[in-house]
1. Please tell me if Ala305 is over 19 Å from the mean Cα position of the chain (by Cα) and open to solvent by 30 Å² or more (accessible area, probe 1.4 Å).
2. State whether one or more residues within the stretch 53-73 are without any contact (Cβ under 8 Å) to a residue 40 or more places away in the chain and open to solvent by 30 Å² or more (accessible area, probe 1.4 Å).
3. In the set Ser368, Ser356, which member is in contact with a strand residue (DSSP E or B) (Cβ under 8 Å, 6 or more places away or on another chain) and hydroxyl-bearing (Ser, Thr, Tyr)?
4. How about the stretch 429-439: which of its residues are more than 17 Å from Ala218 (Cα to Cα) and either at pLDDT below 85 or of a type outside the set (D, E, K, R) (or both)?
5. Hey, could you check the stretch 269-287 for residues that are more than 17 Å from Phe386 (Cβ to Cβ) and more than 20 Å from the chain's Cα centre (by Cα) and say which is most open to solvent (accessible area, probe 1.4 Å)?
6. Would you confirm, using the coordinates I've provided, whether Phe149 is open to solvent by 10 Å² or more (accessible area, probe 1.4 Å) and among the aromatic types (Phe, Trp, Tyr)?
7. Output the number of residues of the stretch 190-219 satisfying the condition of being open to solvent by 40 Å² or more (accessible area, probe 1.4 Å) and modelled with pLDDT under 90.
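The values are calculated or read from the model by the stated rules, or taken from the named source; none is laboratory data. These numbers come from a predicted model, not from an experiment. Using ideal geometry, Cβ is built from the backbone for each residue, glycine included, and neighbour counts are taken over all protein chains shown. Remember, those area values only see protein heavy atoms, side chains included, never the ligands or the DNA or RNA. Shrake-Rupley method; radii C 1.70, N 1.55, O 1.52, S 1.80 Å.
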Amino acid sequence: MTGFLLVVGLLLGLAVLGFWIFPDISRWILVLLVSRSFYRVRAKGAANIPRRGPALLFGNHTSFMDALWILSLRPRKVRFLVAREYMEDRGKILRWILMFSGAIPIHEKDDPKRLARSLLVARKALLEGGVVGVFPEGRFTRTGHLHPFKHGLESIIRGTDAAVVPFFIEGGFRTRAGLGLNGKPVLFHPSDLLRRIYLWVGEPIESTESGFVSKAEAEVQRGAVEAARFRINSDGKVREKAIRRVQRRLSGGKNPAAIRDLSDRMIAQVNGLEVVARLSRKDGVFGAFPSDDPLGQLVNFWLPAVTRCRSIYSELPTDGDFDDQVLKKARPTILFGEAAFFEMLVQKILPESLGSVRLAFLFGGADSEMRALFSEKFGVSLLDGFFSQDSKVLVSLNVPDADLDGFCQTGSVSGTVGRPLPNGRVRIFDDRSRNELGDNRPGLIEIQGPAVDRGGVEGGSDQGEWCRLPERGRIDEEGFLTLFS
C-alpha cells in the first residue's frame with residue numbers, strides 16, 4: 001500500500017512539474033482529454049492556426065463547448081472573449097476551465113469603460129504574441145442560423161500584425177451543450193457521449209480597416225459551407241446506410257446509381273433541415289408530394305433515412321383522401337405541402353386529428369385567408385419555404401422564433417420564404433453588370449453549398465461554384481429571402 005501511494009505521489013508531482021515547466025502543452029492535453037474523450041471531434045485546416053506569433057481566431061457560436069473544441073486544435077494558449085455570466089453563474093466546472101485557459105470576461109451590457117478594458121486586455125494579448133478567440137455573434141445561435149456580427153474586432157487587431165483566422169463549428173448546435181435540443185444548455189449530458197463535431201479552420205484573411213466585419217461574417221458563412229462538405233465526406237458510414245434505406249423504400253433496389261449520385265446533395269439538405277426544424281427521432285414527417293417529386297423524396301425518404309425520424313408517408317392514402325382516424329393514428333408532427341393540401345386539411349379534418357403537429361411548411365405560397373383558417377383551426381402557423389424545382393434543392397425556410405435562455409432569435413418574417421439553410425449560401429446579383437447586390441435590392445438568385453454541388457447530377461454546380469436559379473428575389477439585412485415573379 002505504501003509503495004502504491006509513493007507511485008501516486010510521484011505521478012502527481014511529475015504532473016505538477018509538467019504544468020509548471022510546459023504550461024501551454026499541459027493545458028492543451030487537459031483540454032484535449034476533457035473535450036475529445038466525450039465528443040468525437042474531427043477537424044479540417046487546424047494547421048492554419050499559427051504555431052507562433054499573434055493570431056485572432058473568430059467563428060460561429062453554437063454551445064458551451066465551442067471554446068474547448070477550438071482549444072483542442074493546437075497546443076497554444078487561446079484566450080477567448082466569453083460572456084461574463086459563463087464565468088460567474090454557469091457552474092464551477094465551466095468557470096474553472098475558462099479561468100484556467102485565461103478567458104477574458106465581457107458582456108454586451110457592460111458600460112463603455114468596462115467594455116473597453118476587456119477589448120484592451122485582448123489587444124494586449126495579441127501585442128505580446130498570444131492568441132485570442134472571439135465569437136463575433138455575441139451569443140449562442142437559437143435557430144441554427146448566424147446572428148449578425150457585432151463590431152469590436154477592428155479595435156482588437158488594429159496595429160497588431162496578428163493573423164486573422166476564421167473557423168466554423170458544425171454539429172455543436174445539435175448537442176445538449178447548445179440550444180438545438182433543449183431550452184437550456186447542459187454540459188456533458190449523457191446523450192452527447194460520442195456525438196460527432198466537425199471543425200473547419202480557414203486560411204488567414206486580410207484585416208483591412210474598411211468593411212472588415214462584413215468580410216469576416218462572409219468568411220464564416222463560407223466556412224459553414226466548407227464544414228458541411230467536410231461533414232458529408234467524413235460520414236461515409238452514415239451515407240451508405242442512408243443509401244441502402246432509400247433504395248429499399250424508394251425503388252425496391254432499382255436504379256441504385258441514380259440514388260447514389262444524389263446522396264451527397266440530399267444528405268446536405270437533410271443536415272440543414274434537421275437543424276432548423278429541431279428534428280428528433282420522435283418526429284413523424286409527411287410531405288404531400290408524389291414519390292417521384294424531388295421535394296417528396298427529400299422529406300419522405302431521405303430525411304427519415306438519415307435522421308431515423310418516423311416517415312408516415314406509407315401510412316397515408318396515396319390518393320390524398322385522408323380521414324380523421326388515419327391522421328390521428330399516424331401522429332404526424334411535421335407537415336410539408338402546397339396550398340391545396342393545407343386547404344383540404346382545413347375543410348375535412350378535425351382539429352384533434354392534427355393535435356400532434358408542431359410545424360407546417362408551405363411551398364408555393366397561399367392567400368392570407370387560408371393561412372388564418374389553418375392557424376385558427378389547428379393552432380399552428382404555416383411557415384413559407386422555397387424549394388427550387390430547377391436545381392432540385394431546398395433553398396430556405398421560415399422557422400418559429402426561438403425564445404430560449406433569455407433571448408429571442410427571429411426565425412420567420414411574413415412575406416418572405418425564410419433564411420437559407422445554415423449549410424448553404426444565397427446571394428443576389430445583377431444580371432447585366434454581374435455585380436453582387438446589397439441588402440433589399442432585387443435581382444437574380446445564386447446558391448452555393450453541398451446541396452447543389454454537381455457530383456454528376458443535372459442542375460448542380462461544380463464544387464465551390466455558385467449555381468444560378470431562374471427565380472428573382474432580394475435578401476434583407478437579417479438574411480431573409482423574398483421571391484418575385
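1. Values: over 19 Å from the mean Cα position of the chain (by Cα): yes; open to solvent by 30 Å² or more (accessible area, probe 1.4 Å): no.
Here the answer is no, as Ala305 does not meet what is asked.
2. Within the stretch 53-73, none of the residues are without any contact (Cβ under 8 Å) to a residue 40 or more places away in the chain and open to solvent by 30 Å² or more (accessible area, probe 1.4 Å).
3. Criteria check complete, one pass: Ser356.
4. Step one: filter the stretch 429-439 for residues more than 17 Å from Ala218 (Cα to Cα), giving 430-434.
If the condition is that a residue be more than 17 Å from Ala218 (Cα to Cα) and either at pLDDT below 85 or of a type outside the set (D, E, K, R) (or both), then Asp431, Arg432, Ser433, Arg434 are the ones that fit.
5. Per the criteria, the residue is Lys282.
6. Yes, satisfied.
7. Of all residues in the stretch 190-219, those open to solvent by 40 Å² or more (accessible area, probe 1.4 Å) come to 190-191, 193-196, 203-204, 206-211, 214-215, 217.
Next cut, modelled with pLDDT under 90 only: 206-211, 214-215.
Final tally of qualifying residues: 8.
Residue by residue, here is whether (1) of a type outside the set (Lys, Arg); (2) part of a helix (DSSP H, G or I); (3) in contact with a His (Cβ under 8 Å, 6 or more places away or on another chain) holds:
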{"site": "Val132", "(1), (2), (3)": "yes, no, no"}
{"site": "Gly138", "(1), (2), (3)": "yes, no, yes"}
{"site": "Arg142", "(1), (2), (3)": "no, no, no"}
{"site": "Leu146", "(1), (2), (3)": "yes, no, no"}
{"site": "Glu154", "(1), (2), (3)": "yes, yes, no"}
{"site": "Thr160", "(1), (2), (3)": "yes, no, no"}
{"site": "Phe168", "(1), (2), (3)": "yes, no, no"}
{"site": "Arg174", "(1), (2), (3)": "no, no, no"}
